[in-house]
Structure formats: C-alpha cells, structure tokens
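Chemist: First the structure, then my questions, so here it is.
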Amino acid sequence: MRNIVGGIGSALLWLAMSGGTGHAESPAVLIGLDGEFGHATSTSAEAVRQGIQIAIEEINAAGGVLGGRPLKLVEKANHAVPARSLVNLREFAATQDLVGVFCGRFSPTVLEVLPTIHELGLPLLDPWAAADGIIDNGYTPNFAFRLSLKDSWAAPAMLDYLARTRSVRRVGLLMLNTSWGRSTRKAAEEYAAKKPGMRIVGTEWFNWDDQGNSLLGKFRALKSAGAQGILLTANAEEAAVLLRELLKLPKAERLPIASHWGVTGGDLPAMVGERFFELDFSVVQTYSFIGAGSAVARRVIAAHHRLFGTREAADIRSPVGVAHAYDLTHILARAVNLAGSTDRRAVRAALERVRNYSGLVRNYAQPFTAQRHEALDFGQVFMARYAKPGGALVGTAGR
C-alpha cells in the first residue's frame with residue numbers, strides 16, 4: 001500500500017480509487033496528507049490515510065466534487081521531523097488543484113509549521129494533533145481547522161476519571177518534554193486549581209523517543225511526593241518503557257495511570273507484552289468503533305474490512321485517526337463545493353459555512369465558524385481501557 005521514496009520532501013503518493021465511473025476526463029481535486037509515515041511503531045498516519053480513503057471512495061462514488069471531479073489523495077512523509085514537513089508543505093502549495101493538507105499526530109511538528117501554513121495560505125485539516133495552540137494560534141484569518149481532541153479537554157477528562165473511579169486527589173504529572181507535554185501540564189494545573197481537594201504534587205519530564213533510559217525513577221519521585229495516581233503524556237514507545245518497568249514492581253506499588261491518547265498511535269499492548277492487562281491503565285478517547293451502531297459506522301466498518309483486511313471493529317488500529325479523518329474529508333468536500341472552485345482561500349472561508357453534516361463521530365450542525373475552528377467539543381471525550389483479546393479500546397466512563 002505504501003511506496004517510500006527517500007529524501008526530504010519525497011512524496012508517498014497514493015491516488016485514491018475513484019469509486020465510480022465518468023471521471024476519466026475530469027481533472028482531480030487533490031487532498032494532501034503530511035504524516036509521520038516511517039516513524040517506528042506508529043500506526044497513526046496510516047489510520048488517518050484510511051479514514052481519508054474511505055471518505056474519498058464514498059464521495060467519488062456519489063459524483064465527486066465541483067460537478068463531477070474526483071478527489072485524490074497525495075501523501076508525503078515527514079517522519080515527525082518539522083524540517084521535512086516544511087519542505088512537504090511548500091511542495092503541496094505548488095501543486096495545482098490541491099485544496100488542503102491533513103496533518104498527523106505529533107503536535108510539536110504541527111506547531112512548528114503553522115507560520116508556513118499561513119504564509120502559503122494552505123488550509124490545514126487536523127484529525128489528531130491535540131495541542132491547544134494549533135487552533136488558538138493568533139492568526140487572522142486562521143487557516144487551521146481541527147476535528148479532534150484538544151489538551152484543555154483531555155486533562156480535565158483524565159483528572160476527573162482518576163478522582164471519580166480511583167478516588168485520586170493527589171496527582172503526579174509524567175510529561176513528554178515537548179510543546180504537547182507543556183500544553184497538557186498547563187491544562188491540568190489550571191483545572192486542578194479549580195477543583196477543591198485536588199492537587200498536582202509534581203511534574204517529571206522525559207524526552208521524545210527516550211526508550212533507552214529508565215522512567216522508573218521519575219515514577220518513584222512522584223509517588224514519594226504523595227501522588228495517588230499518574231497523568232501521563234507519552235507516545236507508545238516511551239509509555240512502553242515505563243509500563244514494562246512497573247510490571248516488575250509488586251502490584252501494591254503501582255499507581256493507576258490516566259494517559260493522553262498519543263499511546264494509541266502504536267500497538268502499546270504488543271510493545272509491553274502479555275502482562276500489560278495487569279496494569280491499571282486508561283486512555284482518553286473521542287470515538288470507538290466497538291459498539292457503534294449507526295448507519296454511518298456500519299458503512300465505514302464494512303469499507304475498512306473490504307479495503308484494509310480487518311475482520312472486526314476491534315481490529316481497527318488508532319480508531320480516532322480513522323474516524324476523525326473520515327468526517328473531516330467529508331466536511332472538506334462540502335467546503336470545496338460551497339467555494340465553487342479549488343481556490344484555497346475560498347475553500348478556507350467555505351469551511352466556516354458548511355452546515356448539517358451527519359457524520360461518524362457526531363452530527364455537525366455547523367462544524368466550524370469564523371470564531372470556532374474546533375469541530376468537536378468536550379461532550380465527545382471519554383476514557384477507555386485496552387481489552388482482551390487484541391487490545392481494542394473499550395469505553396469505561398461514558399461519552
């Protein structure tokens with residue numbers, strides 16, 4: 001499915017199937033994806049691609065956009081390196097009839113390229129990266145649009161979960177030392193300050209891809225400071241280091257962990273091993289295909305099985321990436337039709353005027369407005385646990 005061509009800015013090109021006939025003489029309308037393809041153990045960029053592909057197939061089967069033009073996907077790999085992303089974005093901006101670019105999971109990469117996005121006038125579609133500053137960026141007009149979680153929703157959900165289900169009042173923060181980790185820390189501290197009886201006892205930092213160094217000392221420092229539970233911001237690689245170490249401790253010495261969703265961008269249970277399920281580990285989410293019974297969900301699940309070889313809803317990896325990208329692609333297609341052209345500034349303005357889309361994650365009366373570039377809200381946020389067999393994410397605390 002993926003052909004990687006080496007070198008900064010080299011494209012991973014996948015031209016989506018038209019899903020219908022009659023498009024042969026119509027020039028395609030292009031959607032870009034600047035994702036962390038090639039990042040070790042990551043499944044997030046692939047999930048975003050899958051959601052876009054499923055939506056493109058549906059849209060093209062229904063006649064495409066702009067009176068019969070097919071949508072096609074163009075991918076570029078950034079390997080979670082901002083310099084690569086910058087080159088990719090400039091190549092996208094030079095591509096005729098490309099109407100917008102989807103980003104991937106890593107907030108630090110997205111935050112670094114925001115000035116270039118606005119310089120180039122490229123609509124940025126965010127189906128995963130959660131740092132508040134991606135949307136709250138100070139640019140007018142704002143070219144960034146998110147259909148995803150944001151850190152200022154994630155932190156309260158995780159803290160409330162620990163307090164409600166584990167009676168945790170004193171929380172330790174174990175944070176990735178990036179803009180994402182700092183954003184989550186800020187949101188957690190601000191929320192805890194408003195909650196009587198809740199206290200952040202300390203913060204321990206670790207580095208991106210810090211897979212060779214022990215995190216147990218940082219965990220023990222928080223526990224010694226009085227932490228009854230841990231709020232974790234990490235990717236799967238770093239989280240696996242910590243969790244494998246915790247499994248070496250007596251059960252009584254482990255603390256419950258509420259994790260931000262970066263860990264779901266890889267196969268965390270497989271990375272930790274079969275004892276993973278002994279841990280008290282929960283993760284914030286916005287969507288699950290498990291138990292989803294809407295007509296849209298059934299259609300998307302069936303398409304995922306047909307296109308990508310899954311057999312059950314539980315087999316869909318990084319489900320929020322699939323779901324968010326699917327809805328965001330449909331919203332983008334509606335904006336292109338409203339704009340009446342592939343002019344990016346017109347498409348950007350039209351994204352604020354899309355109305356009444358019945359989607360997979362929710363029904364959107366108006367996904368975006370001039371004042372609000374967040375398509376979701378706190379009502380979509382819930383906590384989930386990895387469940388046997390296979391480690392599928394199952395909601396634990398309601399939507």
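The values are calculated or read from the model by the stated rules, or taken from the named source; none is laboratory data. Every value quoted in this text rests on a predicted model; they were computed, and no experiment measured them. Cβ atoms come from the backbone with ideal geometry, glycine included; neighbour counts cover every protein chain shown.
Chemist: Can you give me the number of residues within region 186-209 that are over 13 Å from residue 233 (Cα atoms) and either assigned to a strand (DSSP E or B) or not assigned by TED's automatic domain parsing to the domain that holds residue 238 (or both)? Explain how you work it out, then say what you get.
Modeler: Taking region 186-209 and keeping what is over 13 Å from residue 233 (Cα atoms), we get 189-202.
In the following step, the residues that additionally are either assigned to a strand (DSSP E or B) or not assigned by TED's automatic domain parsing to the domain that holds residue 238 (or both) were identified as 199-202.
Residues that pass the stated criteria total 4.
Chemist: Within region 287-325, how many residues are within 18 Å of the chain's Cα centre (by Cα) and of a type in the set (Ser, Thr, Tyr)?
Modeler: So the answer is 3.
Chemist: Scan region 337-377 residue by residue and report those that are of a type in the set (Asp, Glu) and not in a loop (DSSP other than H, G, I, E, B). Before you say what the answer is, go through the steps one by one.
Modeler: Of all residues in region 337-377, those of a type in the set (Asp, Glu) come to 343, 352, 374, 377.
Residue satisfying the conditions is 374 alone.
Chemist: Is it true that some residue in region 369-387 is over 21 Å from the mean Cα position of the chain (by Cα) and over 24 Å from residue 104 (Cα atoms)?
Modeler: no
Chemist: Suppose we filter 109, 140, 95, 116 for residues that are without any contact (Cβ under 8 Å) to a residue 24 or more places away in the chain and of a type in the set (Ser, Thr, Tyr); which single one remains?
Modeler: Details: 109 fails: without any contact (Cβ under 8 Å) to a residue 24 or more places away in the chain; 95 fails: without any contact (Cβ under 8 Å) to a residue 24 or more places away in the chain; 116 fails: without any contact (Cβ under 8 Å) to a residue 24 or more places away in the chain.
Just one listed residue meets the conditions, 140.
Chemist: Let me ask you something else. Can you name the residue in region 253-299 that is part of a helix (DSSP H, G or I) and either touching a Phe, Trp or Tyr at 6+ places or on another chain (Cβ under 6 Å) or among the basic types (Lys, Arg) (or both) and is also surrounded by the most Cβ atoms within 10 Å (Cβ to Cβ) among such residues?
Modeler: 269
Matching residues to (1) surrounded by 24 or more Cβ atoms within 10 Å (Cβ to Cβ); (2) assigned to a helix (DSSP H, G or I); (3) not hydrophobic (A, V, I, L, M, F, W, C):
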{"site": "111", "(1), (2), (3)": "no, yes, no"}
{"site": "116", "(1), (2), (3)": "no, yes, yes"}
{"site": "130", "(1), (2), (3)": "yes, no, no"}
{"site": "138", "(1), (2), (3)": "no, no, yes"}
{"site": "141", "(1), (2), (3)": "no, no, yes"}
{"site": "148", "(1), (2), (3)": "yes, no, yes"}
{"site": "155", "(1), (2), (3)": "yes, yes, no"}
{"site": "164", "(1), (2), (3)": "no, yes, yes"}
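Chemist: Another question, if that's okay. Tally time: how many residues in region 74-98 are outside any helix (DSSP H, G or I), touching a strand residue (DSSP E or B) at 6+ places or on another chain (Cβ under 6 Å), over 21 Å from residue 208 (Cβ atoms) and among the hydrophobic types (A, V, I, L, M, F, W, C)?
Modeler: Going through region 74-98 one residue at a time, the tally reaches 2.
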